[in-house]
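First the structure, in the form of structure tokens, and then the observations on it.
Laboratory data are not the source of any read-out in this text; all were calculated from the coordinates shown. What you see is a predicted model; the values in this text were computed from it and never measured. FYI the Cβ positions are ideal-geometry reconstructions off the backbone, even for glycines, and counts take in every protein chain you see.
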Amino acid sequence: NVDKLGRYKVIYTAKDRSGNKVVKERIIKVVEKKNIGTLQQSNEKIVYLTFDDGPSENTQKILDILDRYNVKATFFVTGENQKYNYLIQEAHKRGHTIGLHTYCHDYKTIYTSVDAYFDDLNKIGNMVKDLIGFVPRYIRFPGGSSNKVSKNYCTGLMSILTKEVIKQGYQYYDWNGDTNDASSNNVSVHEIISSATNENHQNIVILAHDTTVEALPSIISFYQKKGYSFQAINDESFYVHHHVQN
Ligand code: ZN
């Protein structure tokens, strides 16, 4: 009974055509399902800086800036630029959190069906496992959970995926702060800073991309001066979920 916690002895028996019989026993533990994270903001002022779409030629610079300010962040990585995969290991070694973004980042591939999405998620999960030894449980949907792009390929997909990833033991992270660094090709450093320093929630999850380097020091010192600490996502962290629109 998977609804009743406890230890169960399961006995398997198998018999072949000649009547040989094998019996095996196994203890199965049904444990409480632990959800990752909380929707409740903590009393502490915390910024969760998150970087999507890396690793890339910028990741090293980002890591060094984070070290300089003694802050931790989270990297939602892809499989698109694997010659920089050593930087995923480096980020992990320096105490940052590695999360899963997507293997191929191609909307029309990953958002075709539930299976297509999980194929891609498993691919990036296995790639990261080879690098750091485990599959991260923290994910960010390409375009966020509120993306409407997926509607072009599969109606109702995000409504299913947002439930299914939780069922499979993941947690997904949208954002309540945005650098807007991906809004167009030539967003100025000034615009990025002013957009990223716009929030006054107690807990802020800031969306940035692996391209945001120059704006980073100003964003960090702005929030540090206001008494925020910068933390990497962990099992207890606050998470943001957007309103699902497909
Ligand atoms: Zn992305």
First select every other residue whose beta carbon is under 14 angstrom from the beta carbon of A14; then total the charges, Lys and Arg +1, Asp and Glu -1.
+3
According to the square roots a ≥ b ≥ c of the eigenvalues of the Cα gyration tensor, what is the shape class of the stretch 132-240, taking rounded for a/c under 1.5, prolate for a/b larger than b/c otherwise, and oblate for the remainder?
oblate
For the pairs K45/K148; K123/K151; K61/K108; K83/K167; K34/K163; K93/K129, flag any whose C-alpha to C-alpha distance is greater than 21 Å.
K45/K148; K123/K151; K61/K108; K83/K167
On a C-alpha basis, how far is the centre of the stretch 182-203 from the centre of the stretch 1-27 in Å? Whole number, if you could?
58 Å
Skipping prolines and chain starts, which residues have an amide H placed within reach, meaning under 5 Å, of the one on V205, given they are 5 or more residues away or on another chain?
Y48, N176, G177
Using a/c under 1.5 as the rounded threshold, could you call the chain rounded, prolate or oblate? The axes a ≥ b ≥ c are square roots of the C-alpha gyration tensor eigenvalues, and prolate needs a/b larger than b/c, oblate otherwise.
prolate
Cα gyration tensor shape of the stretch 42-122, rounded if a/c is under 1.5, else prolate or oblate by comparing a/b with b/c
oblate
Report ³J(HN,Hα) in whole Hz for each residue of the stretch 78-91, in order, from the Karplus equation J = 6.51 cos²θ - 1.76 cosθ + 1.60 where θ = phi - 60°; Gly and Pro get x.
10, x, 8, 9, 6, 5, 9, 4, 4, 6, 5, 5, 5, 4
Quick one: work out the % antiparallel among DSSP beta bridges in the chain, nearest 5.
30 percent
For the chain, what relative contact order do you get, as a whole percent, if you take Cα pairs closer than 8 Å and at least 6 residues apart?
27 percent
